[in-house]
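Visitor: One structure is given below, represented as C-alpha coordinates, and several questions about it will come after.
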Protein chains: 2
Amino acid sequence: MTAATATPTAKAETDPLGFDFVLDRRHPVADQIYDSLKAAIVQVKLLPRTSISESRMCRHFGVSRTPVRAAILRLSEEGLIDVYPQQGSYVAPIRLADIHDGHFIRKSLELSILTEAAARWTPEMSRQARDIVARGEAAIQAGDVEAFHVADEDFHHAFTGFADRPGVWPAILQAKTRLSRFIRLISHIISNAERLPVVIDEHLAVLDALDRGDAEEARARLDYHLDKIFKLFDQVPDPYRPYLTD
Amino acid sequence: MTAATATPTAKAETDPLGFDFVLDRRHPVADQIYDSLKAAIVQVKLLPRTSISESRMCRHFGVSRTPVRAAILRLSEEGLIDVYPQQGSYVAPIRLADIHDGHFIRKSLELSILTEAAARWTPEMSRQARDIVARGEAAIQAGDVEAFHVADEDFHHAFTGFADRPGVWPAILQAKTRLSRFIRLISHIISNAERLPVVIDEHLAVLDALDRGDAEEARARLDYHLDKIFKLFDQVPDPYRPYLTD
DNA sequence: ACAAGGACCCTAGTATACAAGAATATGTAA
DNA sequence: TTACATATTCTTGTATACTAGGGTCCTTGT
(Lines give C-alpha, C1' and ligand atoms only; values in the text may rest on other atoms or scores of the structure.)
Protein backbone atom coordinates (compact mmCIF):
# COMPACT_ATOMS: atom_id res chain seq x y z
CA MET A 1 0.00 0.00 0.00
CA THR A 2 2.50 2.60 1.18
CA ALA A 3 5.93 2.63 -0.40
CA ALA A 4 7.60 0.41 2.14
CA THR A 5 10.73 -0.08 0.06
CA ALA A 6 11.47 3.62 -0.30
CA THR A 7 13.65 5.61 2.02
CA PRO A 8 11.46 6.79 4.85
CA THR A 9 11.83 10.39 5.91
CA ALA A 10 9.29 10.19 8.70
CA LYS A 11 8.40 7.38 11.05
CA ALA A 12 5.56 6.65 13.40
CA GLU A 13 5.82 7.93 16.90
CA THR A 14 4.08 6.05 19.64
CA ASP A 15 0.94 4.87 18.02
CA PRO A 16 -2.25 5.63 19.93
CA LEU A 17 -4.42 5.04 16.88
CA GLY A 18 -3.63 1.40 16.40
CA PHE A 19 -2.04 1.47 12.97
CA ASP A 20 1.44 2.28 11.79
CA PHE A 21 2.71 4.03 8.72
CA VAL A 22 5.82 5.07 6.86
CA LEU A 23 5.78 8.33 4.94
CA ASP A 24 7.81 8.85 1.81
CA ARG A 25 8.03 12.56 1.10
CA ARG A 26 9.07 11.87 -2.49
CA HIS A 27 5.51 10.86 -3.30
CA PRO A 28 2.26 12.73 -2.67
CA VAL A 29 1.66 12.61 1.06
CA ALA A 30 -2.11 12.89 0.71
CA ASP A 31 -2.27 9.62 -1.22
CA GLN A 32 -0.24 7.78 1.38
CA ILE A 33 -2.41 9.05 4.20
CA TYR A 34 -5.48 8.05 2.24
CA ASP A 35 -4.16 4.53 1.73
CA SER A 36 -3.10 4.24 5.35
CA LEU A 37 -6.40 5.48 6.75
CA LYS A 38 -8.48 3.43 4.34
CA ALA A 39 -6.61 0.24 5.17
CA ALA A 40 -7.02 0.91 8.88
CA ILE A 41 -10.75 1.51 8.51
CA VAL A 42 -11.46 -1.40 6.18
CA GLN A 43 -9.48 -3.79 8.37
CA VAL A 44 -11.43 -2.43 11.35
CA LYS A 45 -8.26 -1.42 13.13
CA LEU A 46 -10.03 1.90 13.43
CA LEU A 47 -13.40 1.02 14.94
CA PRO A 48 -16.64 2.58 13.70
CA ARG A 49 -17.55 5.87 15.39
CA THR A 50 -13.91 6.55 16.20
CA SER A 51 -13.18 10.29 16.14
CA ILE A 52 -10.97 11.36 13.24
CA SER A 53 -9.81 14.80 14.25
CA GLU A 54 -7.84 16.49 11.50
CA SER A 55 -5.43 18.06 13.96
CA ARG A 56 -4.83 14.77 15.72
CA MET A 57 -4.14 13.12 12.38
CA CYS A 58 -1.68 15.91 11.60
CA ARG A 59 0.29 15.19 14.73
CA HIS A 60 0.00 11.47 14.12
CA PHE A 61 1.36 11.61 10.59
CA GLY A 62 3.60 14.60 11.12
CA VAL A 63 2.17 16.62 8.25
CA SER A 64 -0.06 19.65 7.85
CA ARG A 65 -3.82 19.61 7.72
CA THR A 66 -3.98 20.04 3.95
CA PRO A 67 -3.08 16.50 2.85
CA VAL A 68 -4.99 15.06 5.81
CA ARG A 69 -8.10 16.94 4.73
CA ALA A 70 -7.69 15.69 1.17
CA ALA A 71 -7.55 12.11 2.41
CA ILE A 72 -10.56 12.55 4.68
CA LEU A 73 -12.50 14.16 1.85
CA ARG A 74 -11.91 11.15 -0.38
CA LEU A 75 -12.87 8.72 2.37
CA SER A 76 -16.01 10.67 3.17
CA GLU A 77 -17.14 10.30 -0.44
CA GLU A 78 -16.66 6.56 -0.19
CA GLY A 79 -18.83 6.55 2.90
CA LEU A 80 -16.05 5.41 5.20
CA ILE A 81 -15.90 8.65 7.17
CA ASP A 82 -18.77 10.92 8.20
CA VAL A 83 -17.89 14.62 8.35
CA TYR A 84 -19.97 16.93 10.49
CA PRO A 85 -18.88 20.53 9.88
CA GLN A 86 -17.74 22.39 12.96
CA GLN A 87 -18.33 19.26 15.00
CA GLY A 88 -16.01 16.51 13.94
CA SER A 89 -15.31 13.61 11.65
CA TYR A 90 -15.88 10.01 12.61
CA VAL A 91 -15.31 6.58 11.16
CA ALA A 92 -18.70 5.74 9.68
CA PRO A 93 -20.71 3.06 11.42
CA ILE A 94 -21.25 -0.15 9.49
CA ARG A 95 -24.70 0.50 8.08
CA LEU A 96 -26.92 -2.47 7.38
CA ALA A 97 -28.43 -0.56 4.45
CA ASP A 98 -24.92 -0.18 3.02
CA ILE A 99 -24.36 -3.90 3.30
CA HIS A 100 -27.60 -4.69 1.54
CA ASP A 101 -26.95 -2.17 -1.22
CA GLY A 102 -23.33 -3.18 -1.62
CA HIS A 103 -24.34 -6.79 -1.81
CA PHE A 104 -26.99 -6.10 -4.41
CA ILE A 105 -24.59 -4.12 -6.59
CA ARG A 106 -21.78 -6.58 -6.25
CA LYS A 107 -23.96 -9.56 -6.97
CA SER A 108 -25.52 -7.98 -10.02
CA LEU A 109 -22.18 -6.96 -11.48
CA GLU A 110 -20.29 -10.14 -10.67
CA LEU A 111 -23.02 -12.34 -12.10
CA SER A 112 -23.04 -10.29 -15.29
CA ILE A 113 -19.28 -10.55 -15.46
CA LEU A 114 -19.41 -14.28 -14.83
CA THR A 115 -21.86 -14.75 -17.67
CA GLU A 116 -19.52 -13.04 -20.09
CA ALA A 117 -16.51 -14.90 -18.75
CA ALA A 118 -18.30 -18.23 -19.13
CA ALA A 119 -18.98 -17.45 -22.77
CA ARG A 120 -15.26 -17.20 -23.47
CA TRP A 121 -13.94 -19.63 -20.88
CA THR A 122 -10.60 -21.31 -21.64
CA PRO A 123 -8.39 -23.84 -19.84
CA GLU A 124 -5.82 -21.10 -19.38
CA MET A 125 -8.35 -19.02 -17.43
CA SER A 126 -9.15 -22.05 -15.30
CA ARG A 127 -5.47 -22.54 -14.57
CA GLN A 128 -4.97 -18.92 -13.54
CA ALA A 129 -8.04 -18.93 -11.31
CA ARG A 130 -7.00 -22.17 -9.63
CA ASP A 131 -3.57 -20.73 -8.98
CA ILE A 132 -5.21 -17.90 -7.08
CA VAL A 133 -7.36 -20.32 -5.10
CA ALA A 134 -4.21 -22.26 -4.23
CA ARG A 135 -2.68 -19.07 -2.89
CA GLY A 136 -5.71 -18.67 -0.67
CA GLU A 137 -5.33 -22.20 0.63
CA ALA A 138 -1.67 -21.62 1.36
CA ALA A 139 -2.58 -18.46 3.26
CA ILE A 140 -4.99 -20.43 5.42
CA GLN A 141 -2.34 -23.05 6.14
CA ALA A 142 0.09 -20.28 7.08
CA GLY A 143 -2.52 -18.64 9.25
CA ASP A 144 -2.11 -15.40 7.28
CA VAL A 145 -5.61 -13.95 7.25
CA GLU A 146 -4.51 -10.82 5.40
CA ALA A 147 -2.99 -12.85 2.57
CA PHE A 148 -6.20 -14.85 2.36
CA HIS A 149 -8.27 -11.72 1.88
CA VAL A 150 -5.89 -10.57 -0.84
CA ALA A 151 -6.23 -13.88 -2.65
CA ASP A 152 -10.00 -13.80 -2.24
CA GLU A 153 -10.14 -10.37 -3.80
CA ASP A 154 -7.78 -11.43 -6.59
CA PHE A 155 -10.09 -14.34 -7.39
CA HIS A 156 -13.09 -12.13 -7.94
CA HIS A 157 -10.91 -9.56 -9.68
CA ALA A 158 -9.66 -12.11 -12.18
CA PHE A 159 -13.09 -12.59 -13.73
CA THR A 160 -13.34 -8.98 -14.84
CA GLY A 161 -10.18 -9.70 -16.82
CA PHE A 162 -11.58 -12.96 -18.19
CA ALA A 163 -14.70 -11.12 -19.32
CA ASP A 164 -12.50 -8.41 -20.85
CA ARG A 165 -14.20 -5.80 -18.68
CA PRO A 166 -11.34 -4.55 -16.50
CA GLY A 167 -13.00 -1.17 -16.12
CA VAL A 168 -15.88 -2.73 -14.22
CA TRP A 169 -13.67 -3.87 -11.35
CA PRO A 170 -13.44 -0.49 -9.61
CA ALA A 171 -17.22 -0.39 -9.39
CA ILE A 172 -17.32 -3.89 -7.90
CA LEU A 173 -14.52 -2.98 -5.54
CA GLN A 174 -16.38 0.07 -4.35
CA ALA A 175 -19.46 -2.02 -3.56
CA LYS A 176 -17.32 -4.71 -1.97
CA THR A 177 -15.61 -2.21 0.30
CA ARG A 178 -18.88 -1.60 2.07
CA LEU A 179 -19.12 -5.30 2.84
CA SER A 180 -15.47 -5.73 3.66
CA ARG A 181 -15.60 -3.92 6.98
CA PHE A 182 -18.40 -6.15 8.15
CA ILE A 183 -16.53 -9.28 7.08
CA ARG A 184 -13.36 -8.06 8.76
CA LEU A 185 -15.26 -7.31 11.95
CA ILE A 186 -16.53 -10.87 11.91
CA SER A 187 -13.02 -12.13 11.28
CA HIS A 188 -11.90 -10.34 14.42
CA ILE A 189 -14.49 -12.20 16.42
CA ILE A 190 -15.20 -15.58 14.92
CA SER A 191 -12.81 -18.38 14.25
CA ASN A 192 -11.68 -18.26 10.64
CA ALA A 193 -10.65 -21.90 10.82
CA GLU A 194 -14.10 -23.10 9.86
CA ARG A 195 -15.26 -20.26 7.61
CA LEU A 196 -12.26 -19.72 5.33
CA PRO A 197 -11.94 -23.27 3.94
CA VAL A 198 -15.59 -23.11 2.94
CA VAL A 199 -14.81 -20.05 0.82
CA ILE A 200 -12.14 -22.06 -0.98
CA ASP A 201 -14.59 -24.86 -1.69
CA GLU A 202 -17.16 -22.47 -3.06
CA HIS A 203 -14.62 -20.83 -5.34
CA LEU A 204 -13.64 -24.25 -6.67
CA ALA A 205 -17.28 -25.15 -7.23
CA VAL A 206 -17.66 -22.16 -9.53
CA LEU A 207 -14.56 -23.14 -11.47
CA ASP A 208 -15.65 -26.76 -11.76
CA ALA A 209 -18.95 -25.68 -13.27
CA LEU A 210 -17.17 -23.40 -15.72
CA ASP A 211 -14.79 -26.18 -16.73
CA ARG A 212 -17.80 -28.36 -17.43
CA GLY A 213 -19.19 -25.56 -19.59
CA ASP A 214 -22.22 -25.21 -17.34
CA ALA A 215 -22.63 -21.44 -17.13
CA GLU A 216 -25.97 -21.59 -15.36
CA GLU A 217 -24.59 -23.82 -12.63
CA ALA A 218 -21.61 -21.48 -12.26
CA ARG A 219 -23.98 -18.56 -11.79
CA ALA A 220 -25.92 -20.49 -9.17
CA ARG A 221 -22.72 -21.38 -7.34
CA LEU A 222 -21.48 -17.79 -7.33
CA ASP A 223 -24.90 -16.56 -6.27
CA TYR A 224 -24.85 -18.98 -3.34
CA HIS A 225 -21.30 -17.99 -2.46
CA LEU A 226 -22.04 -14.28 -2.39
CA ASP A 227 -25.27 -14.68 -0.43
CA LYS A 228 -23.41 -16.38 2.38
CA ILE A 229 -22.47 -13.02 3.86
CA PHE A 230 -25.95 -12.70 5.30
CA LYS A 231 -25.46 -15.81 7.37
CA LEU A 232 -22.75 -13.93 9.22
CA PHE A 233 -25.28 -11.50 10.66
CA ASP A 234 -26.49 -13.98 13.24
CA GLN A 235 -22.96 -14.50 14.45
CA VAL A 236 -22.32 -10.96 15.64
CA PRO A 237 -22.17 -11.01 19.44
CA ASP A 238 -24.06 -8.31 21.29
CA PRO A 239 -20.97 -6.43 22.47
CA TYR A 240 -20.20 -5.61 18.84
CA ARG A 241 -23.68 -4.43 17.92
CA PRO A 242 -22.82 -0.78 18.68
CA TYR A 243 -20.53 -0.78 15.68
CA LEU A 244 -23.51 -1.53 13.44
CA THR A 245 -26.52 0.61 12.65
CA ASP A 246 -29.49 0.70 10.33
CA MET B 1 -28.04 22.81 -7.89
CA THR B 2 -26.68 25.92 -6.19
CA ALA B 3 -28.90 27.79 -3.75
CA ALA B 4 -30.42 30.16 -6.24
CA THR B 5 -33.01 31.44 -3.81
CA ALA B 6 -30.49 32.54 -1.21
CA THR B 7 -28.96 35.96 -1.00
CA PRO B 8 -25.93 35.97 -3.25
CA THR B 9 -22.79 37.54 -1.87
CA ALA B 10 -20.73 37.05 -5.00
CA LYS B 11 -21.63 37.19 -8.65
CA ALA B 12 -20.01 36.14 -11.87
CA GLU B 13 -17.77 38.60 -13.59
CA THR B 14 -17.49 38.48 -17.34
CA ASP B 15 -17.63 34.82 -18.09
CA PRO B 16 -14.83 33.50 -20.26
CA LEU B 17 -15.47 29.90 -19.26
CA GLY B 18 -18.93 29.60 -20.66
CA PHE B 19 -20.91 28.90 -17.52
CA ASP B 20 -22.31 31.15 -14.85
CA PHE B 21 -22.64 30.75 -11.12
CA VAL B 22 -23.91 32.35 -7.98
CA LEU B 23 -22.02 31.82 -4.76
CA ASP B 24 -23.71 31.75 -1.39
CA ARG B 25 -21.12 32.21 1.32
CA ARG B 26 -23.52 30.86 3.93
CA HIS B 27 -23.03 27.37 2.56
CA PRO B 28 -19.78 25.47 1.90
CA VAL B 29 -18.18 27.09 -1.12
CA ALA B 30 -16.36 23.92 -2.15
CA ASP B 31 -19.66 22.09 -2.67
CA GLN B 32 -21.08 24.87 -4.81
CA ILE B 33 -17.99 24.97 -6.98
CA TYR B 34 -18.13 21.21 -7.31
CA ASP B 35 -21.76 21.34 -8.42
CA SER B 36 -21.10 24.19 -10.82
CA LEU B 37 -18.06 22.58 -12.40
CA LYS B 38 -19.67 19.17 -12.63
CA ALA B 39 -22.78 20.55 -14.30
CA ALA B 40 -20.64 22.47 -16.78
CA ILE B 41 -18.58 19.38 -17.61
CA VAL B 42 -21.49 16.94 -17.85
CA GLN B 43 -23.47 19.33 -20.01
CA VAL B 44 -20.37 19.73 -22.18
CA LYS B 45 -20.34 23.47 -21.68
CA LEU B 46 -16.75 22.83 -20.71
CA LEU B 47 -15.34 20.84 -23.61
CA PRO B 48 -13.08 17.83 -23.08
CA ARG B 49 -9.37 18.68 -22.81
CA THR B 50 -10.18 22.19 -21.59
CA SER B 51 -7.54 23.40 -19.16
CA ILE B 52 -8.80 23.72 -15.58
CA SER B 53 -6.15 25.84 -13.91
CA GLU B 54 -6.74 26.16 -10.18
CA SER B 55 -5.64 29.77 -10.14
CA ARG B 56 -7.90 30.67 -13.06
CA MET B 57 -10.81 29.00 -11.29
CA CYS B 58 -10.00 31.04 -8.19
CA ARG B 59 -10.28 34.27 -10.11
CA HIS B 60 -13.36 33.00 -11.88
CA PHE B 61 -15.24 32.09 -8.71
CA GLY B 62 -13.66 34.75 -6.53
CA VAL B 63 -12.47 32.33 -3.87
CA SER B 64 -9.17 30.90 -2.73
CA ARG B 65 -7.51 27.81 -4.12
CA THR B 66 -8.54 25.60 -1.20
CA PRO B 67 -12.21 25.02 -2.05
CA VAL B 68 -11.37 24.93 -5.76
CA ARG B 69 -8.85 22.18 -5.10
CA ALA B 70 -11.40 20.24 -3.06
CA ALA B 71 -13.87 20.41 -5.95
CA ILE B 72 -11.25 19.38 -8.51
CA LEU B 73 -10.15 16.51 -6.30
CA ARG B 74 -13.68 15.14 -6.16
CA LEU B 75 -14.16 15.51 -9.90
CA SER B 76 -10.84 13.81 -10.60
CA GLU B 77 -12.00 10.78 -8.64
CA GLU B 78 -15.13 10.60 -10.75
CA GLY B 79 -12.98 10.64 -13.85
CA LEU B 80 -14.30 13.97 -15.07
CA ILE B 81 -11.01 15.79 -14.62
CA ASP B 82 -7.48 14.52 -15.21
CA VAL B 83 -4.85 15.98 -12.89
CA TYR B 84 -1.22 15.99 -13.97
CA PRO B 85 0.94 17.18 -11.06
CA GLN B 86 3.09 20.20 -11.82
CA GLN B 87 1.61 20.32 -15.32
CA GLY B 88 -2.08 21.06 -15.15
CA SER B 89 -5.61 19.76 -14.85
CA TYR B 90 -7.85 19.18 -17.81
CA VAL B 91 -11.43 18.17 -18.46
CA ALA B 92 -11.11 14.47 -19.18
CA PRO B 93 -11.69 13.35 -22.75
CA ILE B 94 -14.76 11.23 -23.36
CA ARG B 95 -13.21 7.79 -23.27
CA LEU B 96 -14.82 5.04 -25.31
CA ALA B 97 -13.73 2.53 -22.70
CA ASP B 98 -15.57 4.58 -20.07
CA ILE B 99 -18.71 4.51 -22.16
CA HIS B 100 -18.55 0.75 -22.60
CA ASP B 101 -17.88 0.16 -18.90
CA GLY B 102 -20.48 2.66 -17.77
CA HIS B 103 -23.01 1.09 -20.09
CA PHE B 104 -22.25 -2.41 -18.84
CA ILE B 105 -22.58 -1.36 -15.19
CA ARG B 106 -25.71 0.65 -15.74
CA LYS B 107 -27.39 -2.05 -17.75
CA SER B 108 -26.58 -4.76 -15.26
CA LEU B 109 -27.85 -2.72 -12.32
CA GLU B 110 -30.93 -1.31 -13.98
CA LEU B 111 -32.02 -4.72 -15.23
CA SER B 112 -31.59 -6.18 -11.76
CA ILE B 113 -33.57 -3.30 -10.32
CA LEU B 114 -36.26 -3.71 -12.93
CA THR B 115 -36.62 -7.38 -12.09
CA GLU B 116 -37.24 -6.58 -8.45
CA ALA B 117 -39.57 -3.72 -9.32
CA ALA B 118 -41.59 -5.98 -11.61
CA ALA B 119 -42.07 -8.46 -8.79
CA ARG B 120 -43.82 -5.83 -6.71
CA TRP B 121 -45.38 -3.75 -9.47
CA THR B 122 -48.53 -1.80 -8.54
CA PRO B 123 -50.88 0.54 -10.42
CA GLU B 124 -49.65 3.37 -8.20
CA MET B 125 -46.10 2.83 -9.43
CA SER B 126 -47.33 2.84 -12.99
CA ARG B 127 -49.12 6.11 -12.37
CA GLN B 128 -46.06 7.75 -10.88
CA ALA B 129 -43.83 6.57 -13.71
CA ARG B 130 -46.25 7.75 -16.36
CA ASP B 131 -46.40 11.15 -14.69
CA ILE B 132 -42.65 11.42 -15.10
CA VAL B 133 -42.87 10.39 -18.75
CA ALA B 134 -45.53 13.04 -19.25
CA ARG B 135 -43.13 15.62 -17.83
CA GLY B 136 -40.59 14.51 -20.40
CA GLU B 137 -43.12 14.91 -23.19
CA ALA B 138 -44.02 18.37 -21.97
CA ALA B 139 -40.35 19.30 -21.92
CA ILE B 140 -40.01 18.24 -25.53
CA GLN B 141 -43.05 20.29 -26.50
CA ALA B 142 -41.57 23.28 -24.69
CA GLY B 143 -38.21 22.74 -26.34
CA ASP B 144 -36.55 22.52 -22.93
CA VAL B 145 -33.82 19.96 -23.45
CA GLU B 146 -32.51 20.35 -19.92
CA ALA B 147 -35.90 19.60 -18.41
CA PHE B 148 -36.14 16.55 -20.64
CA HIS B 149 -32.86 15.19 -19.32
CA VAL B 150 -34.05 15.75 -15.76
CA ALA B 151 -37.27 13.85 -16.45
CA ASP B 152 -35.32 11.07 -18.17
CA GLU B 153 -33.10 10.70 -15.15
CA ASP B 154 -36.09 10.81 -12.81
CA PHE B 155 -37.69 7.99 -14.78
CA HIS B 156 -34.76 5.66 -14.28
CA HIS B 157 -34.36 6.90 -10.73
CA ALA B 158 -37.91 6.01 -9.85
CA PHE B 159 -37.34 2.29 -10.34
CA THR B 160 -34.77 2.11 -7.57
CA GLY B 161 -37.53 3.38 -5.34
CA PHE B 162 -40.06 0.90 -6.72
CA ALA B 163 -37.59 -1.91 -6.06
CA ASP B 164 -37.02 -0.52 -2.56
CA ARG B 165 -33.31 -0.17 -3.31
CA PRO B 166 -32.75 3.58 -3.11
CA GLY B 167 -29.14 3.08 -2.11
CA VAL B 168 -28.35 1.56 -5.50
CA TRP B 169 -29.17 4.75 -7.37
CA PRO B 170 -25.89 6.55 -6.63
CA ALA B 171 -24.01 3.66 -8.20
CA ILE B 172 -26.21 3.78 -11.29
CA LEU B 173 -25.83 7.53 -11.42
CA GLN B 174 -22.07 7.27 -11.29
CA ALA B 175 -22.06 4.88 -14.22
CA LYS B 176 -24.58 7.00 -16.08
CA THR B 177 -22.48 10.13 -15.66
CA ARG B 178 -19.83 8.61 -17.88
CA LEU B 179 -22.39 8.19 -20.62
CA SER B 180 -24.10 11.51 -20.04
CA ARG B 181 -21.33 13.61 -21.48
CA PHE B 182 -21.40 11.65 -24.69
CA ILE B 183 -25.16 11.95 -24.94
CA ARG B 184 -25.00 15.67 -24.24
CA LEU B 185 -22.32 16.12 -26.86
CA ILE B 186 -24.62 14.42 -29.34
CA SER B 187 -27.47 16.64 -28.21
CA HIS B 188 -25.36 19.65 -29.08
CA ILE B 189 -24.88 18.38 -32.59
CA ILE B 190 -27.84 16.34 -33.67
CA SER B 191 -31.44 17.36 -33.85
CA ASN B 192 -33.23 16.24 -30.71
CA ALA B 193 -36.56 16.50 -32.48
CA GLU B 194 -36.32 12.97 -33.81
CA ARG B 195 -34.37 11.28 -31.02
CA LEU B 196 -36.17 12.47 -27.90
CA PRO B 197 -39.71 11.32 -28.76
CA VAL B 198 -38.29 7.83 -29.37
CA VAL B 199 -37.02 7.82 -25.80
CA ILE B 200 -40.51 8.57 -24.60
CA ASP B 201 -41.94 5.70 -26.60
CA GLU B 202 -39.34 3.28 -25.26
CA HIS B 203 -40.07 4.34 -21.70
CA LEU B 204 -43.76 3.74 -22.27
CA ALA B 205 -43.05 0.34 -23.79
CA VAL B 206 -41.36 -0.73 -20.57
CA LEU B 207 -44.30 0.48 -18.52
CA ASP B 208 -46.83 -1.22 -20.78
CA ALA B 209 -45.03 -4.53 -20.35
CA LEU B 210 -44.96 -4.08 -16.58
CA ASP B 211 -48.65 -3.24 -16.50
CA ARG B 212 -49.32 -6.47 -18.39
CA GLY B 213 -47.26 -8.29 -15.77
CA ASP B 214 -44.74 -9.39 -18.39
CA ALA B 215 -41.45 -8.91 -16.57
CA GLU B 216 -39.37 -10.61 -19.23
CA GLU B 217 -40.74 -8.35 -21.94
CA ALA B 218 -40.07 -5.33 -19.75
CA ARG B 219 -36.46 -6.43 -19.34
CA ALA B 220 -36.13 -6.85 -23.09
CA ARG B 221 -37.58 -3.38 -23.68
CA LEU B 222 -35.26 -1.75 -21.19
CA ASP B 223 -32.30 -3.67 -22.59
CA TYR B 224 -33.15 -2.41 -26.06
CA HIS B 225 -33.63 1.12 -24.78
CA LEU B 226 -30.28 1.24 -23.01
CA ASP B 227 -28.39 -0.31 -25.92
CA LYS B 228 -29.52 2.49 -28.18
CA ILE B 229 -26.68 4.69 -27.02
CA PHE B 230 -24.29 2.77 -29.23
CA LYS B 231 -26.24 3.77 -32.29
CA LEU B 232 -25.24 7.34 -31.55
CA PHE B 233 -21.59 6.57 -32.21
CA ASP B 234 -22.06 6.64 -35.95
CA GLN B 235 -23.62 10.06 -35.74
CA VAL B 236 -20.62 11.89 -34.38
CA PRO B 237 -19.27 14.18 -37.10
CA ASP B 238 -15.53 14.21 -37.65
CA PRO B 239 -14.98 17.71 -36.24
CA TYR B 240 -16.07 16.41 -32.84
CA ARG B 241 -13.89 13.30 -32.86
CA PRO B 242 -11.04 15.09 -31.02
CA TYR B 243 -13.24 15.21 -27.93
CA LEU B 244 -13.33 11.41 -27.89
CA THR B 245 -10.54 8.95 -27.27
CA ASP B 246 -10.00 5.24 -26.67
C1' DA C 1 22.60 28.91 -38.08
C1' DC C 2 22.16 25.90 -34.44
C1' DA C 3 22.58 23.76 -30.02
C1' DA C 4 23.10 24.10 -25.11
C1' DG C 5 22.13 26.44 -21.03
C1' DG C 6 19.56 29.29 -17.95
C1' DA C 7 16.02 32.56 -16.39
C1' DC C 8 11.27 32.87 -15.92
C1' DC C 9 6.53 31.60 -15.45
C1' DC C 10 3.31 28.17 -15.06
C1' DT C 11 1.55 24.21 -12.60
C1' DA C 12 -0.02 21.39 -8.43
C1' DG C 13 1.45 19.91 -3.54
C1' DT C 14 2.16 21.41 1.05
C1' DA C 15 2.36 24.42 5.24
C1' DT C 16 0.45 27.87 8.08
C1' DA C 17 -2.83 31.41 9.69
C1' DC C 18 -7.35 32.98 10.30
C1' DA C 19 -12.56 32.63 10.61
C1' DA C 20 -16.89 30.82 12.26
C1' DG C 21 -19.84 27.58 14.33
C1' DA C 22 -20.73 24.02 18.08
C1' DA C 23 -19.98 21.76 22.39
C1' DT C 24 -18.48 21.94 26.93
C1' DA C 25 -17.03 23.86 31.04
C1' DT C 26 -17.40 27.47 34.34
C1' DG C 27 -19.12 30.94 37.03
C1' DT C 28 -22.98 33.42 38.84
C1' DA C 29 -27.50 34.34 40.42
C1' DA C 30 -31.85 32.74 42.02
C1' DT D 1 -29.46 22.60 43.83
C1' DT D 2 -30.82 24.48 39.64
C1' DA D 3 -31.06 27.56 35.75
C1' DC D 4 -28.90 30.64 32.81
C1' DA D 5 -25.25 33.40 30.77
C1' DT D 6 -20.56 33.49 29.36
C1' DA D 7 -15.96 32.17 28.17
C1' DT D 8 -12.97 28.75 26.55
C1' DT D 9 -11.73 25.30 23.44
C1' DC D 10 -12.74 22.15 20.49
C1' DT D 11 -14.17 21.28 15.45
C1' DT D 12 -14.09 22.02 10.18
C1' DG D 13 -14.05 25.69 6.36
C1' DT D 14 -11.39 29.13 4.02
C1' DA D 15 -7.47 32.22 2.75
C1' DT D 16 -2.70 32.96 1.97
C1' DA D 17 2.29 31.88 1.55
C1' DC D 18 5.73 28.83 0.27
C1' DT D 19 7.97 24.63 -2.20
C1' DA D 20 9.28 21.99 -6.00
C1' DG D 21 8.89 20.31 -10.56
C1' DG D 22 7.83 21.01 -15.74
C1' DG D 23 7.60 23.90 -20.03
C1' DT D 24 8.78 27.71 -22.71
C1' DC D 25 11.49 31.10 -24.52
C1' DC D 26 15.24 33.81 -24.71
C1' DT D 27 20.05 34.30 -24.42
C1' DT D 28 24.64 32.80 -25.16
C1' DG D 29 28.35 30.26 -26.96
C1' DT D 30 30.12 27.54 -30.63
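Visitor: Among the candidates B:89, B:76, B:126, B:108, which residue alone is modelled with pLDDT of 95 or more, within 16 Å of DNA strand D (Cβ to nearest atom) and open to solvent by less than 50 Å² (accessible area, probe 1.4 Å)?
Guide: One residue alone meets the criteria, B:89.
Visitor: I'd like to verify a number: residues in the stretch B:92-105 that are surrounded by fewer than 20 Cβ atoms within 10 Å (Cβ to Cβ) and either among the β-branched types (Val, Ile, Thr) or assigned to a helix (DSSP H, G or I) (or both), how many?
Guide: Selection size over the stretch B:92-105: 4.
Visitor: Considering only residues that are free of Cβ contacts under 8 Å to residues at least 60 places away in the same chain and facing chain A (nearest Cβ under 9 Å), which ones fall in the stretch B:78-103?
Guide: Listed by number, the residues that qualify are B:85, B:100.
Visitor: May I pose another question? Go through the stretch B:106-121 residue by residue and tally those that are more than 9 Å from chain A (Cβ to nearest Cβ), of a type in the set (A, V, I, L, M, F, W, C) and not in a loop (DSSP other than H, G, I, E, B).
Guide: 4
Visitor: For the stretch B:184-192, does any single residue satisfy the condition of being in the same structural domain as residue B:101 (by TED's automatic domain parsing), farther than 20 Å from residue B:95 by Cβ and touching a residue at least 40 places away in the same chain (Cβ under 8 Å)?
Guide: Yes, that holds for at least one residue.
Visitor: Can you find a residue that is open to solvent by 20 Å² or more (accessible area, probe 1.4 Å), at pLDDT below 90 and either near DNA strand C (Cβ under 10 Å from one of its atoms) or farther than 30 Å from residue B:144 by Cα (or both) anywhere in the stretch B:7-22?
Guide: Within the stretch B:7-22 (the criterion being open to solvent by 20 Å² or more (accessible area, probe 1.4 Å), at pLDDT below 90 and either near DNA strand C (Cβ under 10 Å from one of its atoms) or farther than 30 Å from residue B:144 by Cα (or both)), the answer is no, since none of the residues qualifies.
Visitor: Could you tell me whether residue A:152 is charged (D, E, K, R), touching a helix residue (DSSP H, G or I) at 6+ places or on another chain (Cβ under 7 Å) and modelled with pLDDT of 95 or more?
Guide: For residue A:152, the condition - charged (D, E, K, R), touching a helix residue (DSSP H, G or I) at 6+ places or on another chain (Cβ under 7 Å) and modelled with pLDDT of 95 or more - is met.
Visitor: Ok, one more. Out of curiosity, is residue B:84 surrounded by 17 or more Cβ atoms within 10 Å (Cβ to Cβ) and either aromatic (Phe, Trp, Tyr) or under 17 Å from residue B:155 (Cβ atoms) (or both)?
Guide: no
Visitor: In the stretch B:48-72, what count of residues is obtained for those that are within 12 Å of DNA strand D (Cβ to nearest atom), in a helix (DSSP H, G or I) and open to solvent by 30 Å² or more (accessible area, probe 1.4 Å)?
Guide: Of the residues in that region, 6 qualify.
Visitor: I've got another one for you. Collect the residues in the stretch B:57-67 that are more than 9 Å from DNA strand C (Cβ to nearest atom) and either of a type in the set (A, V, I, L, M) or farther than 16 Å from residue A:72 by Cβ (or both), keeping them in residue-number order.
Guide: B:58, B:59, B:60, B:61, B:62, B:63
Visitor: Going residue by residue through the stretch B:93-101, is there one that turns out to be over 28 Å from residue B:156 (Cα atoms) and not small (Gly, Ala, Ser)?
Guide: no
The values are calculated or read from the model by the stated rules, or taken from the named source; none is laboratory data. These numbers come from a predicted model, not from an experiment. Quick reminder, even Gly has a Cβ in these numbers, built from the backbone with ideal geometry, and neighbours come from all protein chains shown. We work out accessible area using only protein heavy atoms, side chains counted, and drop any ligands, DNA or RNA first. Shrake-Rupley method; radii C 1.70, N 1.55, O 1.52, S 1.80 Å.
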